[in-house]
Amino acid sequence: MPRVGFLVTVFLLIAAALLSRARAQNETTALALAEKIARSHGLAHFANIEVLEYTFNAARGGKTVSRHWRWLPQTDEVYYQGPGPEGKPISFHYKRSQLKADSSKLIRFVDQRFINDQYWLLFPLHLVWDREVQLLYDGKAPFPIPPGEGPHLIVRYGNVGYTPGDVYELFVDSNYRLRQWIFRRGGSKKPTLICTWEGYVKLGPLWIATQHWSADRSFHLWFTDLRLRMATAQIWLEPEKMPE
């Protein structure tokens, strides 16, 4: 019996070592894929962007919302025009560095929407920017909205931000452009939203998906009024439509 126990212990140790190695290999693959996705969307030259402007639009259930943003990434200043807490149009300007010192309802209201809208615009870059995330490479998989298939990357957020525990399943093409995702709010088993990433435009160094649709077309999110200015050239750059 002691020998049997010894063999079981050895087996468990070997299994644990193999599992640890497999996890490490998967993490390396997932990190490499995340960086390729971020770079294919313009990560390398983002630091040279002085001003980025866009209008976020979303329609669902007969309701439409539009929010216009001007963001200065180098100073993290945000200018907002859109509905306020009471639904009436407002204009608001703040620096995100104020958030710790200013706990007012208005700045939190605006900043939550800024984070939401900016993530829709630049999520591929957040794969490298964000730290409190777990990445899992799940091989090549069919797109949730047929047709198509491609590398499948699962992004799981920790207990951070305004919506902790969110999970995103990304499906990318052969150029590492994001084509579809599954969003699970708070890590829910049932998908909160499945939608496309399409209508790509090139805006300076960035590749941006301007159109997002659910399979039944009941959800539509899109970006308008896109433009940016590089720190190295004081001219506004407009989006160029790219082939799908």
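The values are calculated or read from the model by the stated rules, or taken from the named source; none is laboratory data. Predicted, not measured: the structure shown is a model, and the values here were computed from it. So basically every Cβ, Gly included, is an ideal-geometry build from the backbone, and we count neighbours across all protein chains shown.
Structure above, values below:
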{"read-out": "Test: residue in segment 23-30 that is among the aliphatic types (A, V, I, L, M) and either at pLDDT below 95 or part of a helix (DSSP H, G or I) (or both)", "value": "yes"}
{"read-out": "Selection from segment 87-123 of residues that are out of contact with any strand residue (DSSP E or B) (no Cβ under 9 Å at 6 or more places or on another chain) and among the charged types (D, E, K, R)", "value": "LYS88, LYS100, LYS105, ARG108"}
{"read-out": "Whichever residue in segment 162-171 is without any contact (Cβ under 8 Å) to a residue 60 or more places away in the chain and either surrounded by 13 or more Cβ atoms within 10 Å (Cβ to Cβ) or charged (D, E, K, R) (or both) and, among such residues, is nearest to HIS152 (Cα to Cα)", "value": "PHE171"}
{"read-out": "Qualifying residues in segment 172-205 (those that are surrounded by 15 or more Cβ atoms within 10 Å (Cβ to Cβ) and in contact with a helix residue (DSSP H, G or I) (Cβ under 7 Å, 6 or more places away or on another chain)) - the one farthest from LYS36 (Cα to Cα)", "value": "PRO205"}
{"read-out": "Segment 201-241, residues that are farther than 23 Å from GLU50 by Cβ and either of a type outside the set (S, T, N, Q) or without any contact (Cβ under 8 Å) to a residue 12 or more places away in the chain (or both)", "value": "HIS212, TRP213, ALA215, ASP216, ARG217, PHE219, HIS220, LEU221, TRP222, LYS241"}
{"read-out": "Residue in segment 190-200 that is at pLDDT 95 or above, in a loop (DSSP other than H, G, I, E, B), within 18 Å of PHE56 (Cα to Cα) and in contact with a Phe, Trp or Tyr (Cβ under 8 Å, 6 or more places away or on another chain) present", "value": "yes"}
{"read-out": "Residue check for LEU221: crowded, with 16+ Cβ neighbours inside 10 Å, more than 17 Å from the chain's Cα centre (by Cα) and not small (Gly, Ala, Ser)", "value": "no"}
{"read-out": "Conditions (1) at pLDDT 90 or above; (2) out of contact with any Pro (no Cβ under 6 Å at 6 or more places or on another chain); number of the one not met by HIS41", "value": "(2)"}
{"read-out": "Residues located in segment 152-203, provided they are of a type in the set (Lys, Arg) and either within 14 Å of the chain's Cα centre (by Cα) or over 17 Å from LEU121 (Cβ atoms) (or both)", "value": "ARG156, ARG177, ARG179, ARG184, ARG185, LYS189, LYS190"}
